Amino acid sequence: MHCKICLQSIEKDTTWSTLFDFRERTLCSSCDEQLEKNQGPTCKKCMKRTEEKLCSDCMFWEQHFQEDPLDRNVSIYTYNEFMKETMARFKYRGDYEIVHAWKDPFQRAFNKYFPKESQLLPIPLAESRFSERGFNQAEALARLLEQPLFAGMIRTGQEKQSKKSKWERLTADNPFKLTETSPETIVIIDDIFTTGSTVRFAAQVLKDAGAKSVSSLTLIRS
Amino acid sequence: MNANPWSPRFSGKRLLKNELNLSESVFQGLLTKGYLIEIPSIKETLFYLECQRCHTRKPSHFGKIPTKTIQSFSYQNRPATNSITYCRNCIQMGRVSTNEPLYEWNGPIANLPKVKQPSIWRGELTALQSKAADAMVEAIRNQSKILIHAVCGAGKTEMLYRGLWIAFRNGFRVCIATPRADVVRELAPRLRRDFPSIEMAALYGGTQETDINAHLVVATTHQLLRYSKSFDVMIVDEVDAFPYHHDKSLPKAVARSVKESHALIYLTATPRLDLKIASRLKQLQTISIPLRYHGHPLPLPKLSQVFKLHQHLQQGTLPKKITHWIDQRKAAQRRFLLFVPTIETAQSLSKKLDIPYVHSESSNREELIHHFRNQQYEALITTTILERGVTFPSIDVAVIGADHDVFDEAALVQIAGRAGRSADDPDGDVTFFYNVKTKAIVKARQYTELKNLEGKKFKKEFN
Ligand SMILES: [Zn+2]
Ligand SMILES: [Zn+2]
Ligand SMILES: [Zn+2]
């Protein structure tokens, strides 16, 4: 077996705990140690690391939308240096296999926080990015879970997020459109939760179309 | 002279579409003309896959990307296969996959102009350097193979000059491949200075330089993965060094990057077994240079056994023998390098001795080396990364924990070779501190004795 991040072979160490553990190991201990879990205290809604109960971002969204379309966000890791390098290889070099490194933590987080009847919506990728990369990283993550995927949303326009200021990002036009009716219970899947604007734009479209519960599971809270 | 404007850029290369950096219409035009040909990136056989860029065959180096996904359905036509296969081993150079082929130039070949006066260098070679230089000229003329086995500090670079001169005058394309970027950075400016009328490209991960039919390419071995049938003369520096030695795909890359008839020159101070055997069997002509350019013998490593050395290091204490050695250097105002086996030891010793340390992942590696060279630091602690190539004129060297696995014979010989490099100060002190005397330690010392004996004999014959 080989580590999905660094390609080193993983030695089979048999201890009492691994003897009864039949999950396939996808990470070596060195890479595993360098990943940092996104732990509390965090905002109860979006898991931003803060002492406050509700962070200033979430407060802003409540004011902006009257009612925040996103019920909650769960994120697994922080965006530390090691994670930045790993994501660069995953997304910009297009090393798809890395996604399998997150399989176990991603499944565990889903089972712990979200209802079984949820459908998954991977955030659609802009077409230019998709053809460069050959895959949508959000969909790659969603495929780690054995849940039905919702394919009824498209991304219009090709805005480049990183060039805009925070304010511009928060108030830009909503880039998402539904092509099918929305399911009732939906979990949005994405790689990184930064300001939450992308996930909330998608959530707004779903709520407007009658979804009852919209939350998100993201790999990283930056 | 060039039959096609694109030919100088693409002759002898094997590149990805985005590395070609052509507009879609020009790209399609060159394809239909047959000037560019498509090479499938991943060769599939019954028993294995092989990447056609890095030549890996390890199953764990290949990954899959599913194609029947919801996003692909909204943007693409129904894909023919369930997944594409790509190479993870060389993905740092851009992804190659069953969907992303490589391209080679198949159009008119760009000829290199012959350079009448390639060099302004007026230095003189020693008798031994001259012997190696002439052998290399011979190999270039005959398009054959030789091994130049020269001790550290023999003046390797100057030995190449006569051969390079002949090559450029004949319009040959030359590559000097070395395993370390540090060496490219040190070598390139020297060659630029001494061969000013030559087009040259220095290539290593992170440079912006491009090779547009240059006379001379100085590159890390990994950069060869972008070449195919390109060079008339290939000089492989430090053939014994990692990664050339460990990575079987790199010899394949060397073989691919040369033209059908070519000269191949191996340089090393410490040949590995395979080359030694080939040389004994006279399959590989070998030139031995046992003397340094300044004619003084190699410093003989002193052996110093320290009881429980590794326990000391683990507890972060230093045995008396070692602190004594350091104090002696300080008293004599000698600058020194301390080699240690691991990054952890480097860190803890650095704290204890208040001496900066450098290792392969130091972000300020170049800066640290630069400061030591400028004499801003009196001492530097290092892992094996400074074992080769990088030279400092007048230093002493100690290996702390010379019995550790990372210090094989070649590593110890190379490390000892850091001392006594300058003619004004030809005898540096070299000391190996160890608990258990390993075969590598014994052999490294024997190597030095043998080379010094050979050198003495040669000197007698010549005087
Ligand atoms: Zn790993
Ligand atoms: Zn929040
Ligand atoms: Zn490859």
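The values are calculated or read from the model by the stated rules, or taken from the named source; none is laboratory data. The structure displayed is predicted, hence computed values, not measured ones. Here the Cβ positions follow ideal geometry from the backbone for every residue, glycine too, while neighbour counts run over all protein chains shown.
Observations on the model:
- Filtered by the rule that a residue be closer than 30 Å to B:LEU450 by Cα and aromatic (Phe, Trp, Tyr), the range B:150-177 gives a lone residue, B:TYR161.
- The strands (runs of 3 or more DSSP E) located wholly in the range B:109-221 that include 3 or more residues which are touching a Ser or Thr at 6+ places or on another chain (Cβ under 9 Å) and buried (at least 22 other Cβ atoms within 10 Å of the Cβ) occupy B:145-150, B:174-178, B:216-220.
- Residues located in the range A:193-206, provided they are touching a helix residue (DSSP H, G or I) at 6+ places or on another chain (Cβ under 9 Å) and closer than 23 Å to A:LYS116 by Cα: A:PHE193, A:ARG200, A:GLN204
- Sole exception among (1) farther than 23 Å from A:LYS45 by Cα; (2) at pLDDT 90 or above for A:GLU132, by number: (2)
- Boolean, B:ILE39 is within 16 Å of ligand 3 (Cβ to nearest atom) and under 35 Å from the mean Cα position of the chain (by Cα): yes
- Every residue from the range A:45-83 that is closer than 24 Å to A:ASN111 by Cα and within 16 Å of ligand 1 (Cβ to nearest atom): A:TYR77, A:MET83
- Within the option set B:PHE433, B:PHE392, B:PHE407, B:PHE372, being among the aromatic types (Phe, Trp, Tyr), assigned by TED's automatic domain parsing to the domain that holds B:PHE307, under 24 Å from B:GLU186 (Cβ atoms) and over 20 Å from the mean Cα position of the chain (by Cα) holds for one residue only, B:PHE372.
- Single residue of the range A:154-168 satisfying the filter (of a type outside the set (A, V, I, L, M) and at pLDDT 80 or above) that is nearest to A:LYS103 (Cα to Cα): A:ARG155
- Complete set of residues in the range A:95-123 that are touching a Phe, Trp or Tyr at 6+ places or on another chain (Cβ under 7 Å) and facing another protein chain (nearest Cβ under 9 Å): A:TYR96, A:ILE98
- Screening the range B:229-346 for helices (runs of 4 or more DSSP H) wholly inside it with 1 or more residues that are touching a Lys or Arg at 6+ places or on another chain (Cβ under 8 Å), closer than 27 Å to B:THR56 by Cα and at pLDDT 90 or above returns the ranges B:249-257.
Conditions tested, residue by residue: (1) of a type outside the set (Lys, Arg); (2) at positive phi; (3) modelled with pLDDT of 90 or more.
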site	(1), (2), (3)
A:LEU170	yes, no, no
A:ASN174	yes, no, no
A:SER182	yes, no, yes
A:THR194	yes, no, yes
A:ARG200	no, no, yes
A:ALA203	yes, no, yes
A:ALA209	yes, no, yes
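- Every condition in (1) within 29 Å of the chain's Cα centre (by Cα); (2) at positive phi; (3) away from chain A (no Cβ under 14 Å); (4) not β-branched (Val, Ile, Thr) is met by B:GLY94 except one, and the failing one is (3).
- Condition met for B:THR56 (within 14 Å of another protein chain (Cβ to nearest Cβ), closer than 28 Å to A:GLN8 by Cβ and among the hydroxyl-bearing types (Ser, Thr, Tyr)): yes
- Against the test of being modelled with pLDDT under 95, within 14 Å of chain B (Cβ to nearest Cβ) and touching a helix residue (DSSP H, G or I) at 6+ places or on another chain (Cβ under 8 Å), the options A:ALA140, A:ALA126, A:ALA151 yield a single qualifying residue, A:ALA151.
- The range A:64-80 residues that are more than 14 Å from A:ALA203 (Cβ to Cβ) and touching a residue at least 24 places away in the same chain (Cβ under 8 Å), paired with ones that are of a type in the set (Ser, Thr, Tyr) and in a loop (DSSP other than H, G, I, E, B) (beta carbon under 8 Å, 6 or more apart): A:THR78/A:SER222; A:TYR79/A:SER222
- Members of the range B:43-64 that are at pLDDT 95 or above and more than 14 Å from B:SER249 (Cβ to Cβ): B:GLY63, B:LYS64
Conditions (1) touching a His at 6+ places or on another chain (Cβ under 9 Å); (2) part of a strand (DSSP E or B); (3) hydrophobic (A, V, I, L, M, F, W, C); (4) over 14 Å from B:GLY153 (Cα atoms), marked per residue:
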residue	(1), (2), (3), (4)
B:LEU380	yes, yes, yes, yes
B:VAL390	no, no, yes, no
B:PRO393	no, no, no, no
B:ALA402	no, no, yes, yes
B:ASP405	no, no, no, yes
B:ALA411	no, no, yes, yes
B:ILE415	no, no, yes, no
B:VAL442	no, no, yes, yes
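Residues are listed down the side, and each one gets a yes or a no for (1) among the basic types (Lys, Arg); (2) surrounded by 15 or more Cβ atoms within 10 Å (Cβ to Cβ); (3) outside the structural domain of B:ARG53 (by TED's automatic domain parsing):
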residue	(1), (2), (3)
B:LYS13	yes, yes, no
B:GLU24	no, no, no
B:GLN28	no, no, no
B:LYS33	yes, no, no
B:ILE37	no, no, no
B:SER41	no, yes, no
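- Residues in the range B:8-61 that are touching a residue at least 60 places away in the same chain (Cβ under 8 Å) and among the small types (Gly, Ala, Ser): B:SER11, B:GLY12, B:GLY34, B:SER41.
- Residue check for B:SER72: away from ligand 1 (no atom under 16 Å from the Cβ), within 13 Å of another protein chain (Cβ to nearest Cβ) and touching a residue at least 12 places away in the same chain (Cβ under 8 Å): no
- The helices (runs of 4 or more DSSP H) found wholly in the range A:31-127 and carrying at least 1 residues that are within 12 Å of ligand 2 (Cβ to nearest atom) and surrounded by 16 or more Cβ atoms within 10 Å (Cβ to Cβ) occupy A:56-65.
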